[in-house]
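Shown next, in structure tokens, is the structure this report addresses.
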Amino acid sequence: MIISSAATLLVLVILIFAYRETINCKTVNIIFEEGDSNSFIDKNEILDIVNKKYPNINNTGIYDINTRELETQINAMPQVKKADVYTRLTGELDIKIKQRLPYFRVFRQNNESFYVDIEGKTMPVSQQKTARLIVVSGKISEIHSPKFSTIFEDSTYTLDNVYRLVQIVDNDEFMKAQIAQIYVTQNREYELVPLVGNHIVNLGDSTEFERKIRHLKHFYTEVLVNEDWNRYNYISLKFKNQIVCTINPYTTPLDTN
């Protein structure tokens with residue numbers, strides 16, 4: 001009885017493996033963890049990788065596909081954080097992709113543009129989707145390189161300093177809603193361009209960003225809330241414990257009477 005059951009099981013295993021050899025790839029499924037609407041990658045880019053390796057993918061045995069090799073090629077794409085490739089008995093080739101998420105966008109003076117992702121690494125701008133992020137421009141010396149990553153707080157690299165500044169702004173819901181752009185001057189001072197109000201905020205150098213943003217938030221919520229937001233055209237926090245404002249000559253004080 002035991003021998004008979006073992007023989008039956010062996011036959012089933014042999015039949016399954018024989019059946020596997022007859023299955024061709026019927027469908028290539030590309031799944032983005034973030035959903036199609038949030039994709040920064042064109043599915044055709046993934047299909048191109050598959051089709052270059054397997055020109056007749058639909059006539060290729062599903063288990064003749066080297067999933068490890070496809071994973072390696074897809075993981076080499078700068079927008080991809082992690083790719084998992086696997087096959088099914090139904091003849092489906094599944095490619096599951098976790099994307100790198102852009103954190104802010106950089107415009108260099110030579111018109112080169114790229115993203116810096118949430119981990120502090122640069123990534124190319126997508127032709128598929130434009131992200132609504134803080135824009136950084138001005139004197140940016142760094143170029144797009146997949147090797148760029150954030151380092152220490154006392155870094156002299158402009159993008160590392162910008163990354164720290166974006167983190168501080170992004171962690172405060174109020175300030176996150178206010179700031180649209182960061183501009184790096186020729187003197188390597190950091191200026192903020194808000195969404196509301198016709199003014200520029202000068203933070204000075206890259207030291208004590210947290211203190212400066214905290215003071216700016218206090219100025220916005222405790223002082224400027226009772227003023228016309230266009231009353232000042234320049235707000236400076238570059239000097240410790242001082243907020244120096246330049247009045248816009250084209251506005252008048254808010255009448256509170």
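The values are calculated or read from the model by the stated rules, or taken from the named source; none is laboratory data. Here the structure is a predicted model, which means the values were calculated and not measured. Virtual Cβ from ideal backbone geometry, glycine too; neighbours counted across all protein chains shown.
Name the pairs whose Cβ atoms lie under 8 Å apart, with the first residue in the range 108-127 and within 18 Å of Glu45 (Cβ to Cβ), the second basic (Lys, Arg), and 6 or more positions between them or separate chains?
Pairs found: Phe114/Arg105; Tyr115/Arg105; Asp117/Arg100; Met123/Arg100; Val125/Arg105.
Based on this model, can you work out whether Val85 counts as in the same structural domain as Gln181 (by TED's automatic domain parsing), among the aliphatic types (A, V, I, L, M) and assigned to a strand (DSSP E or B)?
no
Quick check on my filter: what residues within the range 212-241 are closer than 20 Å to Ile168 by Cα and either touching a strand residue (DSSP E or B) at 6+ places or on another chain (Cβ under 8 Å) or surrounded by 14 or more Cβ atoms within 10 Å (Cβ to Cβ) (or both)?
Lys212, Ile213, Arg214, His215, Leu216, Lys217, Phe219, Tyr220, Ile235, Ser236, Leu237, Lys238
Here is a list of conditions, (1) in contact with a helix residue (DSSP H, G or I) (Cβ under 8 Å, 6 or more places away or on another chain); (2) in contact (Cβ under 8 Å) with a residue 40 or more places away in the chain, and Asp84 meets all of them except one; can you say which number that is?
(2)
Is it the case that the range 107-116 has a residue that's under 19 Å from Asp170 (Cβ atoms), among the charged types (D, E, K, R) and in the same structural domain as Thr158 (by TED's automatic domain parsing)?
No, there is no match, as no residue in the range 107-116 is under 19 Å from Asp170 (Cβ atoms), among the charged types (D, E, K, R) and in the same structural domain as Thr158 (by TED's automatic domain parsing).
One line per residue, one yes/no per condition, for (1) touching a Leu at 6+ places or on another chain (Cβ under 6 Å); (2) at pLDDT below 90:
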| position | (1), (2) |
| --- | --- |
| Ile143 | no, yes |
| Ser149 | no, yes |
| Tyr163 | no, no |
| Thr185 | no, no |
| Gly204 | no, no |
| Lys212 | yes, no |
| Tyr234 | no, no |
| Lys238 | no, no |
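Please specify each residue of the range 193-238 satisfying the condition of being over 23 Å from Tyr163 (Cα atoms), part of a helix (DSSP H, G or I) and of a type in the set (A, V, I, L, M, F, W, C).
Those that are over 23 Å from Tyr163 (Cα atoms), part of a helix (DSSP H, G or I) and of a type in the set (A, V, I, L, M, F, W, C): Phe219, Val223, Leu224, Val225.
In the range 64-80, which residue that is surrounded by 14 or more Cβ atoms within 10 Å (Cβ to Cβ), in a helix (DSSP H, G or I) and touching a residue at least 12 places away in the same chain (Cβ under 8 Å) is nearest to the chain's Cα centre (by Cα)?
Looking at the filtered set, the residue picked out is Ile74.
Within the range 158-187, restricting attention to residues that are of a type in the set (D, E, K, R) and assigned to a helix (DSSP H, G or I), which residue is farthest from Lys217 (Cα to Cα)?
Only one residue tops the list, namely Asp160.
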